[in-house]
Amino acid sequence: MDITTDTQQPAPSRTPQPPATEDTRPGRGVTRPGDRIFVGLSRGSGILVLVIMAAIAAFLTYRAVLAIGEDEANFFTSFEWNPTGSPPEFGIAVLAYGTVVSSIIAMAIAVPVSVGIALFITHYAPRKLGGLIGYVIDLLAAVPSIVYGLWGALVLVPHLNGLYGWLDEYLGWTGIFEWNGGAGRSLLTVGILLAIMILPIITNVSREVFRQVPRMHEEAALALGATRWEVIRMSVLPFGRSGVISASMLGLGRALGETMAVAMVLSPTFDITPSLLDPGGGTFAQNIASKFNEATQMGRDALIASGLVLFVITLLVNGGARMIIARRKEYSGANA
C-alpha cells in the first residue's frame, strides 16, 4: 500500500522591516520644511562670508592700486613714508620688519609658556586647581586690547629698565640687545606685551587638544613603567603636535593684527635698527591707527595698501592653521 504524505511547506515568515529613515543631509532627500530652512540658512551664511571677504579684498586691492600707481618709491623696499609729498614716496619695509620681529618675539615667549600651562592643567594640577587656572586664562582672553595697552604703557615700560640693563651688560656685544638708555618703548617691549595677549588663545586650544589624547595610550605607557613626563613626551606631545602648531598660528594671526596695544607702547619711527632695545620701529596696524585720521586721500590710499599686505599675511597664517588642523582628524576623540 503506497502511502503518500502531503507535506506542506511552511509559509515564509514576514519579519517587520524597519521604517525607511529620511536622509536629511544637505541636498540629499531633504523633505521636511525645517530641514530645508536650516540648509538654506547654512548655505547662505557660508556664501555670505565668502562674499564679504571677496568684497573686502576687492576694495583693498582697488585702493591699493591707486596708491601704488602714484608712488615714486619702491612700495616693498622703501624706508620712507611721505604719501603727501611731491612726489609721494612711501614703502612698507619698516612696517614689515617691525610686524614680523615683534610677532616672532611674542611667539618665542608665549608658545612654551602656553604649552606648559596647558600640560599642567590637564596632567599635573588637581581638578579644582586646574579649573581655577583655566578660568583665569579665560579671563585674560576677555580683557580689551586698550586695557593691555594702558597697562603696558604705564606699568610694563617703566619696569623693563632693569631687564634692558641686564641684557645690555651681558648680551650687548651681539648688537641685538645693545641699549643706549631711554624708555623701553621698543620692539622687545611690544613682543612681551603681545605674548601676554596671545597666551590665552594658545593655552586654550592646546588644553583642549591634550584632553583628547586617547586614554588607553596613556594607560599603556603607565603600565609599561613610564613616568608621567615620559607619558607626556611619548603619548601626549606627539598626538597634540599639530594642534599646538595650529594654536600657535592662530595666536600669530592675533599678534600680526594687534593695533591699540602696540600703538600705546611703541615709539614709531621709520628706521630699522639691529637692536631690539632701542625705541622705535613700527607695525602695519599701529601705523594705520596712528595716521589714518590725519591722512589725506592719497595718504589713506597708502595706508589701505599697507593694510592689504597685512590682510594677505593674516589670511595665509589662518589658512595654514586650518590646513594643519584638517590633517589630524583624530582630534574628534572617537578612539579615546
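The values are calculated or read from the model by the stated rules, or taken from the named source; none is laboratory data. Predicted model, so just to flag it, every value in this text is computed and none were measured. Quick reminder, even Gly has a Cβ in these numbers, built from the backbone with ideal geometry, and neighbours come from all protein chains shown.
Being of a type in the set (Ser, Thr, Tyr) and under 15 Å from MET260 (Cα atoms) is the requirement here; does TYR148 meet it? Yes; evaluated as a whole, the condition is true for this residue.
Give the residue that is farthest from the chain's Cα centre (by Cα), with candidates limited to residues of segment 73-84 that are under 14 Å from ASP301 (Cβ atoms) and in a loop (DSSP other than H, G, I, E, B).
Across segment 73-84, the extreme among qualifying residues is THR84.
I'd like to know if segment 188-201 contains one or more residues that are small (Gly, Ala, Ser), modelled with pLDDT of 85 or more, part of a helix (DSSP H, G or I) and over 28 Å from the mean Cα position of the chain (by Cα). No, that holds for no residue. Among the conditions (1) surrounded by 12 or more Cβ atoms within 10 Å (Cβ to Cβ); (2) modelled with pLDDT under 90, GLY34 misses just one, which is (1). Restricted to segment 186-239, and to residues there that are touching a residue at least 40 places away in the same chain (Cβ under 8 Å) and among the polar types (S, T, N, Q), the residue that is farthest from PHE120 (Cα to Cα) is SER186. Residues in segment 241-284 that are in a helix (DSSP H, G or I) and in contact (Cβ under 8 Å) with a residue 40 or more places away in the chain: 23 in all. The listed residues are GLY134, GLY152, and the only one of them that is crowded, with 16+ Cβ neighbours inside 10 Å, under 23 Å from the mean Cα position of the chain (by Cα), among the small types (Gly, Ala, Ser) and closer than 19 Å to GLY280 by Cα turns out to be GLY152. I'm checking my understanding of the structure. Among residues of segment 171-185 that are at negative phi and in contact (Cβ under 8 Å) with a residue 24 or more places away in the chain, which one is surrounded by the fewest Cβ atoms within 10 Å (Cβ to Cβ)? Among those that are at negative phi and in contact (Cβ under 8 Å) with a residue 24 or more places away in the chain, it is ASN180.
Of the residues making up segment 42-83, just one is touching a Gly at 6+ places or on another chain (Cβ under 6 Å) and farther than 19 Å from LEU310 by Cα, namely ALA73.
Criterion applied to VAL213, VAL205, VAL231 was being within 24 Å of MET107 (Cα to Cα) and either among the β-branched types (Val, Ile, Thr) or part of a loop (DSSP other than H, G, I, E, B) (or both), and the one residue passing it is VAL205.
Which residue pairs have Cβ atoms closer than 6 Å, lie 6 or more positions apart in sequence or on different chains, and pair a first residue in segment 97-116 that is at negative phi and aromatic (Phe, Trp, Tyr) with a second residue that is at pLDDT below 95 and not in a helix (DSSP H, G or I)? Note: pairs meeting the criteria are TYR97/ILE272.
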